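Colleague: Have a look at this one.
All of the numbers you see were taken from the coordinates with simple rules; none came from a lab. Bear in mind the structure is a predicted one, so any value in this text is a computation, not a measurement. In this analysis, Cβ positions are derived from the backbone assuming ideal geometry, glycine residues included, and neighbour counts consider all displayed protein chains.
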Amino acid sequence: MRMVFRWYGEGNDTVTLDQIRQIPGVEGVVWALHDVPAGEEWPMDKIRAVVDAANRYGFHTEVVESVNVHEDIKLGLPTRDKYIENYKRTIEKLGQVGVKVICYNFMPVFDWVRTDLNRKNEDGSTALFYEKAKLENIDPMELVEKITRNSALTMPGWEPERLQDLSRLFELYKGVTEEDLWRNLEYFLQEIIPVAQRSGITMAIHPDDPPWSVFGLPRIITNQDNLRRFLQLVDSPANGVTLCSGALGANPDNDVIAMVYEFADRVPFAHIRNVKIYENGDFVETSHRTQDGSLDIYGIVKAYHDKGYTGYVRPDHGRQLWGEQCRPGYGLYDRALGIMYLWGIWDSLERAKGEQA
C-alpha cells in the first residue's frame with residue numbers, strides 16, 4: 001500500500017506541502033491542473049511547475065486526479081474526436097514526467113453531488129451530506145448556487161466554465177440512455193488506452209458519486225456488475241478502476257469488500273473513506289473509523305492486504321475539524337487522522353502476518 005495525499009496546488013489549497021510531509025508514510029501528492037478546462041490539452045510548463053514544487057518537498061507526482069473528460073465525449077457528439085486528441089496528448093505529456101496513474105470519471109454534468117457541504121455533526125465537526133428528499137425536489141441551478149456560493153477555492157467537478165453551460169447540457173442529455181453512455185465510453189477507451197499503455201500509464205475510472213441517477217442523468221459506473229462490464233470493454237492492463245469505497249458504499253446494496261477481492265489487480269489507485277447511511281436514503285461522510293459509519297473499513301483494508309495490494313491509496317473526504325477553514329472534504333486534520341487509522345490497520349495486519357510466518 002503506497003500512501004498519497006490529494007493536493008490542489010499552490011494558491012488553490014489551504015493545505016501546504018510542508019504540512020503534508022509531516023503526515024507519516026505519505027510518499028506522493030495526487031494532483032491536477034485545475035485551471036485547465038475539460039477538453040483542453042495540458043501545457044507542459046504548467047505540468048512541470050507542479051511536479052517541481054512537489055519534488056522539492058520529496059514527494060512524487062505519479063498519480064493525477066483528474067484529467068477531466070469533455071462533455072462532448074460523453075455525449076458522443078461529432079466534436080468528440082478533437083477533444084480525444086487533446087486528451088491523448090495530455091496522457092503522453094504526463095507519461096514523460098513519470099505519471100503512472102490517471103484517475104478520471106465519466107459522470108454526465110456533475111462529478112459528484114451533495115446537498116450540504118457543511119452539515120453540522122453532534123461533535124461540532126462538519127461534513128459533506130446528501131439529503132435524498134431535498135435532491136429530488138431541487139432545481140439543478142439552485143443546487144449549483146448553493147454549492148459554489150462564497151467559495152474562493154475550486155470544487156472538483158463544479159468548475160465555473162462547466163456550470164455556466166448547464167442548461168444547454170441538460171438539453172443535450174435528454175434522451176441519452178445508459179446504453180448510449182456505455183457506447184460513448186467504449187469509443188473513448190478504444191482511443192486512449194493504447195496511448196496510455198505506450199506511455200506507461202494506467203487509466204483508472206472513478207465510480208459515480210453517488211452511484212445512482214441524479215436529475216435523470218444516466219450513470220453507469222455504479223456497482224460490481226458494471227465494474228466487471230467496464231473492465232471488459234477494453235481488456236488491457238492500462239484500463240483500470242479507482243475503487244472508491246465511499247462512492248460505491250453509499251449504496252448499501254454494494255459489497256465493497258467483495259469488489260476489492262475481485263478487482264484488486266485492476267485497481268491501481270484506491271480511495272478509502274467511510275459514510276453513514278440512513279434508512280431514508282440520506283448519507284453523511286464520517287471519520288474513516290469503521291464504528292463511525294456504515295462501511296467496514298477494517299474489512300476493506302484487510303481485503304487489500306489479503307490481495308497483496310501494492311497500488312496507491314489515499315484517504316478520501318474528511319470532516320472539517322477544529323475550526324479549520326478549508327475546501328469542504330479536503331482539510332488537513334481529518335484526512336491525516338484517516339491516514340493514521342489506515343496505517344494502524346495495515347501495520348497490525350503486517351504484524352499478524354509476520355507472527356504467523
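Colleague: Could you work out Rg/(2.2 N^0.38 Å) for the range 1-62, with Rg from alpha carbons only?
Modeller: 1.12
Colleague: Tell me which of I102, Y83, G175 sits at the most positive position along the dipole axis of the chain, charges placed on C-beta atoms (Lys, Arg +1; Asp, Glu -1).
Modeller: So the residue furthest toward the plus end is I102.
Colleague: Follow-up. With the chain treated as a Gaussian network of Cα nodes joined by springs under 10 Å, which of K93, K302, K174 yields the largest mean-square fluctuation?
Modeller: K174
Colleague: Please rank T16, T310, fewest neighbouring Cβ atoms within 10 Å first, as an exposure proxy.
Modeller: Numbers: T16 13, T310 10.
Placing the least packed residue first, the sequence is T310, T16.
Colleague: Give me the Kirkwood hydrodynamic radius of the range 295-357 in Å, from all C-alpha pairs, to one decimal place?
Modeller: On the way: mean 1/r = 0.0765 Å⁻¹.
Every distinct Cα pair counted, the radius reaches 13.1 Å.
Colleague: Using the charge dipole of the chain (Lys, Arg: +1 at Cβ; Asp, Glu: -1 at Cβ; taken about the Cα centre), state which of I47, N137, P37 has its Cα farthest towards the positive end.
Modeller: The one lying farthest along the dipole's positive direction is I47.
Colleague: Next question, about the same structure. Enumerate by residue number the GluC sites (Glu not before Pro) in the range 7-75 meeting two conditions: DSSP loop (anything except H, G, I, E, B), and at most 16 other Cβ atoms within 10 Å of the site's Cβ. Each step should come with its number before you reach the end.
Modeller: Details: sites: E10, E27, E40, E41, E62, E65, E71; in loops: E10, E40, E41.
Of the GluC sites (Glu not before Pro), the ones in loops of the range 7-75 whose Cβ has at most 16 other Cβ atoms within 10 Å are E10, E40, E41.
Colleague: Please work out the C-alpha center-to-center distance from the range 17-39 to the range 58-101 and express it in whole Å.
Modeller: 17
Colleague: Give the value in nm², to one decimal: projected area of the alpha carbon convex hull of the range 61-118, averaged over all directions. Numbers along the way, then the final one.
Modeller: Numbers: hull surface 20.4 nm².
Reported value for the Cα convex hull: 5.1 nm².
Colleague: Mind checking the dipole of the range 2-356: about its Cα centre, +1 per Lys or Arg Cβ, -1 per Asp or Glu Cβ, Debye to the nearest 20?
Modeller: Working: 40 positive and 54 negative charges, 131 e Å.
Using Cβ point charges on Lys, Arg, Asp and Glu, the range 2-356 gives about 640 debye.
Colleague: Within the chain, which is the longest segment that contains none of the chymotrypsin sites (Phe, Trp or Tyr not before Pro) sitting in a DSSP loop with at most 14 other Cβ atoms within 10 Å? Before the final figure, lay out each step's value.
Modeller: Working: sites that count: Y57, W212, Y278, W322.
That gives 58-211 as the longest site-free run.
Colleague: Quick one: which of 219-226, 47-54 comes out on top by average Cβ neighbours within 10 Å, and what's the full order, highest first? Could the numbers behind the result be given before it?
Modeller: Values: 219-226: 18.6, 47-54: 16.9.
In descending order of packing, they fall as 219-226, 47-54.
Colleague: Can you tell me the dipole magnitude for the range 1-103 around its Cα centre, using point charges on the Cβ only (Lys, Arg +1; Asp, Glu -1), in Debye to the nearest 20?
Modeller: Values: 13 positive and 16 negative charges, 55 e Å.
So the magnitude is around 260 debye.
Colleague: Oh, and also: If I model a spin label as a point 7 Å beyond the Cα along the Cα-Cβ vector, how far apart are those points for F170 and R228 in nm?
Modeller: The answer from the label model is 3.6 nm.
Colleague: Sticking with this structure for a sec: Given a Förster distance of 41 Å, report the FRET efficiency between S294 and M44 from their Cβ-Cβ distance, rounded to the nearest 0.05.
Modeller: Numbers: r = 44 Å, r/R0 = 1.07.
So, using R0 = 41 Å, E works out to roughly 0.40.
Colleague: I've got another one for you. Restricting the count to DSSP beta bridges whose residues both fall in the chain, what percent are antiparallel, rounded to a multiple of 5? Walk me through the numbers on the way to the answer.
Modeller: Numbers: 10 of 37 bridges.
In the chain, DSSP labels about 25 percent of beta bridges as antiparallel.
Colleague: Do any GluC sites (Glu not before Pro) in the range 267-357 lie in a loop, going by DSSP, with at most 12 other beta-carbon atoms within 10 Å of their beta carbon, and if so which?
Modeller: Details: sites: E279, E285, E324, E350, E355; in loops: E279, E324.
Answer in residue order: E279.
Colleague: With N set to the residue count of the chain, report its C-alpha Rg divided by 2.2 N^0.38 Å to two decimal places.
Modeller: 0.94
Colleague: GNM on the chain, C-alpha springs below 10 Å: top fluctuator among P328, P218, P78?
Modeller: Comparing P328, P218, P78 in the GNM, the peak value goes to P78.
Colleague: Separate question: Quick check on my link table: of K276/K353; K276/K307; K46/K82, which ones sit more than 23 Å apart, alpha carbon to alpha carbon?
Modeller: On the way: K276/K353 31 Å; K276/K307 26 Å; K46/K82 21 Å.
The pairs that break the limit, which is 23 Å between Cα atoms, are K276/K353; K276/K307.
Colleague: If I build a Gaussian network model for the chain, linking alpha-carbon pairs within less than 10 angstrom, which residue out of I345, I20, I300 has the largest mean-square fluctuation?
Modeller: I345
Colleague: Which value in nm describes the separation of the simple spin-label points at E122 and Q325, placed 7 Å from the Cα toward the beta carbon?
Modeller: Each label point is offset 7 Å from its Cα along the Cβ direction, giving 3.1 nm.
Colleague: Also, quick follow-up: Report, to one decimal in Å, the Kirkwood hydrodynamic radius for the range 203-357 based on all distinct Cα pairs. Numbers along the way, then the final one.
Modeller: Values: mean 1/r = 0.0616 Å⁻¹.
Result for the range 203-357 stands at 16.2 Å.
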